[in-house]
Amino acid sequence: MKQKVYITRRIPEIGIDLLKEKFEVKIFFENRRVDKTLLIREIEDCNAMISLLSDKIDEEVLDAAGNLKIVANYAVGYNNIDIQAAKSRKIMVTNTPGVLTNATGEIAFALLITLTRKIIEADRFTRRGKFIGWDPLLYLGDELNGKTIGIIGMGRIGRDMAFKCRAFGMNVIYYNRKPVDESIEKELQAAYVNFEELLENSDVISVHTPLADETFHMLGEKAFGRMKKGVYIINTSRGEVIDEKVLVHELKSGKVKGAGFDVYEFEPEITRDLLTMNNVVLLPHIGSATIETRNKMSEMAAENVIAALEGRRPENLVPELNGLF
Ligand code: DGY
């Protein structure tokens, strides 16, 4: 009998086709998150599952499938999965690192330049027929060249953002759990600073750290208090790293000049005030949304499942499970 794989939403065909060659594949076809009760019922007889970052995979879900060998997350971040629970049940967890670095870096940079050059506002103005001739004072923005970007979390995507910002003449400082290799610092001309120094010296702060207990509300009241007046904030990582209530307050006070978000503290809910502000750019979590990247993520998640179900160690086992399989 074929082993069974459950996929919690439609993903690009490439991975599904790979899986169908070997296993029985069930997919939740509706264009919404599968609710927990249904998920629990559907995975009962499954050996593997491909989950999305919006699926909460907790003890109850993991216990629902007695034969579950792997949860292959279709994302690089995996804060939606209870890793300790998976570990104690000897269930593998994998993610999709590397393949979405450039796509997410592009979105982070797009948010930045869209904000600083007021692209959305200017586009709306033009469409409304308000462009009546060149105006020396129309939509004056901030130039990136010579400004300092402070990167929080210097993993793959943080480094990619640093690289893109360097190309636009920005100075790069970063804060990370520990400094990255000297060769990387040299290549990116990036200087390691402590968290307070980053807050005090950045013209733009871009968040790239994963969500964990230590990073929850890392940008809260105290942190905003130390930032420069007129700072821009970009977040393409996880919404909960920023205390949105404080951010809204600081956008209103003018301390924060603009914010560009791809992710939200209460995703998919968006703090109401943000929706009415002109100095924010809001995207629907599309950091990795390129055809190339989503195809690669699909292939990668499928290959992780195939490895696990064929008794091999999947290539993208999350680091917390190293040594266990
Ligand atoms: C991820 O993979 O974690 C991203 O947030 C998807 O865009």
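The values are calculated or read from the model by the stated rules, or taken from the named source; none is laboratory data. As the structure is a prediction and not an experimental result, all values here were calculated from the model. Ideal geometry is used to build each Cβ from the backbone, glycine not excepted, and the neighbour counts take in all protein chains shown. The area values use the complete protein model at the heavy-atom level, side chains included, leaving out ligands, DNA and RNA. Shrake-Rupley method; radii C 1.70, N 1.55, O 1.52, S 1.80 Å.
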Self-check item: Rg in Å to one decimal, and Dmax rounded to a whole Å, for the range 101-282 via C-alpha atoms
Solution: 16.2, 53
Quiz item: Relative to the longest principal axis of the chain, what angle (0 to 90°, nearest 10) does the C-alpha long axis of helix 156-167 take?
Solution: 30 degrees
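May I ask you to derive the FRET efficiency for PHE125 and ASN201 from their Cβ-Cβ distance with R0 = 41 Å, giving the value to the nearest 0.05?
Details: r = 33 Å, r/R0 = 0.81.
Calculated transfer efficiency: 0.80.
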Quiz prompt | Charge sum, other residues only, whose C-beta stays under 10 Å from VAL93's C-beta, Lys/Arg counted +1 and Asp/Glu -1 | solution = -1
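Counting only protein heavy atoms, what percent of the accessible surface of the chain is carbon or sulfur at a 1.4 Å probe?
Values: 8240 of 16460 Å².
Carbon and sulfur atoms account for 50 percent of the accessible area of the chain.
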Practice problem: Return one number: the angle in degrees, 0 to 90 and rounded to the nearest 10, between the long axis of the Cα atoms of helix 291-309 and the longest principal axis of the Cα atoms of the chain. | Solution: 30 degrees
Quiz item: If you place +1 on the Cβ of every Lys and Arg, -1 on the Cβ of every Asp and Glu, and leave all else neutral, what size is the dipole of the range 5-60 about its Cα centre, to the nearest 20 Debye?
Solution: 240 debye
Self-check item: Positive-end extreme of charge dipole, the chain - chosen from ILE91, LEU317, GLY230 (charges on Cβ)
Solution: GLY230
Quiz item: In whole angstrom, how long is each semi-axis of the equivalent ellipsoid of the chain, when you take the square root of 5 times every eigenvalue of its Cα gyration tensor and sort them from largest down?
Solution: 38, 22, 18
Quiz item: Based on the Cβ-Cβ distance from ASP35 to MET277, what FRET efficiency comes out when R0 is 35 Å, to the nearest 0.05?
Solution: 0.60
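Under the √(5λ) rule applied to the eigenvalues of the Cα gyration tensor, what semi-axes describe the equivalent ellipsoid of the range 82-156? Give them in Å, descending.
Working: eigenvalues 371, 52, 19 Å².
For the range 82-156, the semi-axes come out at 43, 16, 10 Å.
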Quiz item: Separation between the LYS245 and GLU267 pseudo-spin-labels, each 7 Å from Cα along Cα→Cβ, expressed in nm?
Solution: 2.2 nm
Quiz item: Relative to the first principal axis of the alpha-carbon coordinates of the chain, what is the inclination of helix 244-253, with its axis defined by its Cα atoms, in degrees from 0 to 90 and to the nearest 10?
Solution: 10 degrees
Exercise. Can you tell me how much longer the chain between ARG10 and ALA167 gets when fully stretched, taken as 0.36 nm per residue apart minus their C-alpha distance, in nm with one decimal?
Key: 52.9 nm
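Go through 131-142, 175-186, 314-325, 54-65 and give me the packing order, highest mean Cβ count within 10 Å leading. Walk me through the intermediate numbers first.
Working: 131-142: 9.2, 175-186: 13.1, 314-325: 14.7, 54-65: 17.6.
Order by mean packing, descending: 54-65, 314-325, 175-186, 131-142.
Taking the Cβ-Cβ separation of LEU140 and ALA212 as r and a Förster radius of 51 Å, what is the calculated FRET efficiency to the nearest 0.05?
Values: r = 39 Å, r/R0 = 0.77.
The computed FRET efficiency comes out at 0.80.
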